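Asker: Here it is, the structure, as structure tokens.
The values are calculated or read from the model by the stated rules, or taken from the named source; none is laboratory data. All values derive from a computational prediction rather than experimental measurement. Glycine also receives a Cβ, built like all others from the backbone with ideal geometry; neighbour counts cover every protein chain displayed.
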Ligand code: KG4
Ligand code: ZN
């Protein structure tokens, strides 16, 4: 499609954007049409290679991206039944994320934009997590999607392994960061507590699984109080878990933490997991409720890996007085579809495209 013609004629309802995501351990590509229709969603994860280390090893992730990126892009085109002629633009994550990993996606997208002659859109990964919620249609099997796209003003809670942020969007591209974690992201805190309990990485789903059999009120872990109204912290509660487990096991502070789990019963692990999960989720939900009361948004959406948490969904729906539509778990964790969806809106609303000869990564990009 001729892009200039498309802009002038408002001919955007059939616009197809290829999204590329490589900021952490998922190599992902997807084609999204018109900011709402999911045509394909290809993901290759190097998670299995990181499990033995209890967290993502940046060099291993970057090497895996190099091997997977072109097969994943080809799979995304094939599943969408698209040729390059059908693609109107390429969108790629340029931050935030692991430097070596971002480089693979950005260099691939730059090369494709030049050789296939497509506009290139630089996408903020954290912002894109919100845009997973704009995807409402697909013919792909196995997806449960929101019925309606969210409306503005929109209160967005982004909760992942790298980010815990509360953002108020007045409109597309017009937003304020209300608050964020002062230290660990919530997913990171789940991952660290899982390690203390001897549960496998990633910690969020492992803790959720064990917590089902535990008493969420067995332990009262503290919630950190910060000066800024919407900021929060997870390092205090995480240390409180370590201290509680040391006490349970009758060990002092200098006992190696990786040896504690073998001294705990399954019931003790379940109680610690359930209590920590309740407290961590309450921490972010408390702030979301405060912001909801102050700004009266038309919609509340969540994004990021921890948005897959049933406990988070339960607490939010209980305490927020408007209905919340949740997207499919596969669109909560890192994926190319959210990148493509935001790319569609950038193109549709005339946001500037990136220069494919110079676009650089920004590992510390913030909202
Ligand atoms: O968004 P994501 O895939 O990657 C980052 O950008 O960080 O999020 C990964 C994080 C991990 O910390 C993992 O423990 C957490 O999301 N996570 C969950 C669930 N699934 C993944 N946390 C709670 N419940 C889940 N079901
Ligand atoms: Zn993410």
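Asker: Please verify whether the stretch 338-361 includes one or more residues that are within 16 Å of ligand 1 (Cβ to nearest atom) and surrounded by fewer than 23 Cβ atoms within 10 Å (Cβ to Cβ).
Answerer: no
Asker: Let me ask you something else. If I ask for residues that are more than 12 Å from ligand 1 (Cβ to nearest atom), under 23 Å from residue 228 (Cα atoms), touching a residue at least 24 places away in the same chain (Cβ under 8 Å) and out of contact with any strand residue (DSSP E or B) (no Cβ under 7 Å at 6 or more places or on another chain), which ones from the stretch 275-295 would you list?
Answerer: Within the stretch 275-295, 278, 279, 282, 285, 286, 289, 290 qualify.
Asker: Looking only at the stretch 68-110, count every residue that is more than 15 Å from ligand 1 (Cβ to nearest atom) and part of a loop (DSSP other than H, G, I, E, B) and tell me the total.
Answerer: 6
Asker: Turning to a different aspect of this structure: Checking residue 155 against (1) within 16 Å of ligand 1 (Cβ to nearest atom); (2) in contact (Cβ under 8 Å) with a residue 24 or more places away in the chain; (3) within 25 Å of residue 334 (Cα to Cα): exactly one of these is not met. Which one?
Answerer: Of everything listed in (1) within 16 Å of ligand 1 (Cβ to nearest atom); (2) in contact (Cβ under 8 Å) with a residue 24 or more places away in the chain; (3) within 25 Å of residue 334 (Cα to Cα), residue 155 misses just condition (1).
Asker: Any residue that is closer than 19 Å to residue 324 by Cα, more than 16 Å from ligand 2 (Cβ to nearest atom) and not in a strand (DSSP E or B) - is there at least one of those in the stretch 154-163?
Answerer: No, the stretch 154-163 has no match at all.
Asker: With part of a helix (DSSP H, G or I), in contact with a helix residue (DSSP H, G or I) (Cβ under 6 Å, 6 or more places away or on another chain), modelled with pLDDT of 95 or more and closer than 30 Å to residue 213 by Cα as the only criterion, which of 282, 311 stands out?
Answerer: Only one candidate passes the filter, namely 311.
Asker: Please verify whether residue 211 is at pLDDT 95 or above and farther than 24 Å from residue 333 by Cβ, treating the condition exactly as stated.
Answerer: no
For (1) surrounded by fewer than 21 Cβ atoms within 10 Å (Cβ to Cβ); (2) touching a helix residue (DSSP H, G or I) at 6+ places or on another chain (Cβ under 6 Å); (3) at pLDDT 95 or above, each residue gets a yes or a no:
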{"residue": "3", "(1), (2), (3)": "yes, no, no"}
{"residue": "10", "(1), (2), (3)": "yes, no, no"}
{"residue": "26", "(1), (2), (3)": "no, no, no"}
{"residue": "30", "(1), (2), (3)": "no, yes, yes"}
{"residue": "50", "(1), (2), (3)": "yes, no, no"}
{"residue": "61", "(1), (2), (3)": "no, yes, no"}
{"residue": "64", "(1), (2), (3)": "no, no, no"}
{"residue": "76", "(1), (2), (3)": "no, no, yes"}
{"residue": "93", "(1), (2), (3)": "no, yes, yes"}
